[in-house]
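Bear in mind these aren't lab numbers, they're just calculated from the coordinates by the rules spelled out. Treat the numbers as computed from the prediction; the structure is a model and nothing was measured.
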Amino acid sequence: MAEVKKPAAKAAPAKKGAAEGVWNLYEAKGDSVVRKNKHCPKCGPGFFLAAHKDRHVCGKCGYVEYLAKK
Ligand SMILES: [Zn+2]
């Protein structure tokens, strides 16, 4: 006898720790939204530089901005 499976509601598993994704780059301050990361000078606003330990990298054009060591 064939079993009829009920469509189970798939709940997204709650991730522990910091949320990932572009929304992590924004921070709401009052009525405005502050972008925490720098944007790419080549690609313009909207294309963020990925923050690495010692550099910022654009994932679109490959622009790299090294952070000055203190
Ligand atoms: Zn870029």
- Task: Tell me which residues come under 5 Å, amide H to amide H, from PHE47 once H is placed; ignore anything under 5 positions away on its chain.
- Result: CYS40
- From the phi of every residue in the stretch 52-62, what ³J(HN,Hα) in whole Hz does the Karplus formula 6.51 cos²θ - 1.76 cosθ + 1.60 yield, where θ is phi - 60° and glycine or proline is x? 10, 4, 10, 7, 10, 10, 8, x, 8, 10, x
